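Read through the structure below, which is laid out as structure tokens, and then see the notes.
The values are calculated or read from the model by the stated rules, or taken from the named source; none is laboratory data. Quick caveat, the model's predicted, so the values are computed rather than measured. Methodologically, a virtual Cβ is constructed for each residue, glycine included, from the backbone with ideal geometry; neighbour enumeration extends over all protein chains shown.
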Amino acid sequence: MKKNSTLPDPIPEPEPVTCAFCGTELRHKPLMHPIIADRVWLWVPPSRCTCEKATEHWARVDEEERQEQEAREAREREIERRKTVERLFRTSQLPVRFQQRTFENFKETPANKQALEIALDYAERFEHKFLAGQGLIFTGTVGTGKTHLAAAITLHLLNQCRSVILGTVTSLLGRIRQTYDDDARETERQVLDQLIDVSLLVIDDLGKEKPTPWVEQMLYEIINARYEANKPLVITTNTSLKDIEARYKNTGPAIVSRIIEMCQGVRMDGADWRKSRLQK
């Protein structure tokens, strides 16, 4: 009978592999063809030798490969983390001057020690604070470190890949004003949503802005929306809440009521750091 020339030639068995430690010959294993009967499809490399020295050798190899894989994955995660942090920094509006204001270089004094401890605890336990919708309001005179602590919280959270936006009322609302330009790239609603949705909104120097009806309405809308969404605020101000309430005649009482419910008060007293530096 004529041989069927359409069938592939049989695949010969490869030479056995010899264990480098005990000399045992390790044979390849046949994987049979799924269609052609009694025909080897391919030869599977032999299993590792199970002698003591081979077992120890392969255990070391496997451990080295595992460590290399973990190191690769760690490097990849760190690259992605840095990309995320860089993106969050760009959207945080954190001024360059504030990007060096950390907990480590905060000038601790007996007068501000408790405020520093509260701020550090807030940053380190932010996940709990966030879920509770709890914020902080730093009050006190000029130059006592309120903005420094607010910036330190911001930096800590940004480096933990949490979204934060920091700004004065004037700078925050300035972004909304820009949406009214003919060539604006964002709408008012988009900017408002960013201020409302961000994990933490930091309002610096509340009370310094000019209280126009538009500013009053926008400020109330942002604070009230975060209140309703249970999203925390961190606020710094040189002004008492009583003065803020009087400053905004229409929505002042509601704004202050929301702040009191959302934020733990942190009083900061002491000498003005900036003046003391000039006098040295």
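May I ask you to list the residues in the range 37-58 that are aliphatic (A, V, I, L, M) and not in a loop (DSSP other than H, G, I, E, B)? First the steps, then the outcome.
Taking the range 37-58 and keeping what is aliphatic (A, V, I, L, M), we get 37, 40, 42, 44, 54.
Result: V40, L42, V44, A54.
Could you say which residue among T141, T147, T154, T170 is surrounded by fewer than 17 Cβ atoms within 10 Å (Cβ to Cβ), within 25 Å of F106 (Cα to Cα) and among the hydroxyl-bearing types (S, T, Y)? Reasoning before the result, please.
Values: T147 fails: surrounded by fewer than 17 Cβ atoms within 10 Å (Cβ to Cβ); T154 fails: surrounded by fewer than 17 Cβ atoms within 10 Å (Cβ to Cβ); T170 fails: within 25 Å of F106 (Cα to Cα).
Every option except T141 fails the conditions.
Mind telling me which of the residues P34, P30 ends up being in a loop (DSSP other than H, G, I, E, B) and not acidic (D, E)?
P34
Residues are listed down the side, and each one gets a yes or a no for (1) at pLDDT 95 or above; (2) out of contact with any helix residue (DSSP H, G or I) (no Cβ under 8 Å at 6 or more places or on another chain); (3) polar (S, T, N, Q); (4) farther than 23 Å from E228 by Cα:
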{"position": "P110", "(1), (2), (3), (4)": "no, yes, no, yes"}
{"position": "I118", "(1), (2), (3), (4)": "yes, yes, no, yes"}
{"position": "D121", "(1), (2), (3), (4)": "yes, yes, no, yes"}
{"position": "F126", "(1), (2), (3), (4)": "yes, no, no, no"}
{"position": "Q134", "(1), (2), (3), (4)": "yes, no, yes, no"}
{"position": "L157", "(1), (2), (3), (4)": "yes, no, no, no"}
{"position": "D182", "(1), (2), (3), (4)": "no, yes, no, yes"}
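Residues of the range 224-242 being part of a helix (DSSP H, G or I) and either under 25 Å from F89 (Cα atoms) or hydroxyl-bearing (S, T, Y) (or both), which ones?
A225, R226, Y227
Check E245, E261, E221, E209 and return the single one that is under 23 Å from A150 (Cα atoms), at pLDDT below 95 and assigned to a helix (DSSP H, G or I).
E245
Does W58 count as in contact with a Pro (Cβ under 8 Å, 6 or more places away or on another chain) and more than 30 Å from S163 (Cβ to Cβ)? Before the answer, list the steps.
Details: in contact with a Pro (Cβ under 8 Å, 6 or more places away or on another chain): no; more than 30 Å from S163 (Cβ to Cβ): yes.
In short, no.
Can you find a residue that is in contact (Cβ under 8 Å) with a residue 12 or more places away in the chain and either out of contact with any helix residue (DSSP H, G or I) (no Cβ under 9 Å at 6 or more places or on another chain) or surrounded by 13 or more Cβ atoms within 10 Å (Cβ to Cβ) (or both) anywhere in the range 63-79?
no
Anything in the range 162-177 that is closer than 12 Å to L94 by Cα, among the hydroxyl-bearing types (S, T, Y) and part of a helix (DSSP H, G or I)? List them, or say none.
Answer for the range 162-177, where residues must be closer than 12 Å to L94 by Cα, among the hydroxyl-bearing types (S, T, Y) and part of a helix (DSSP H, G or I): just S171.
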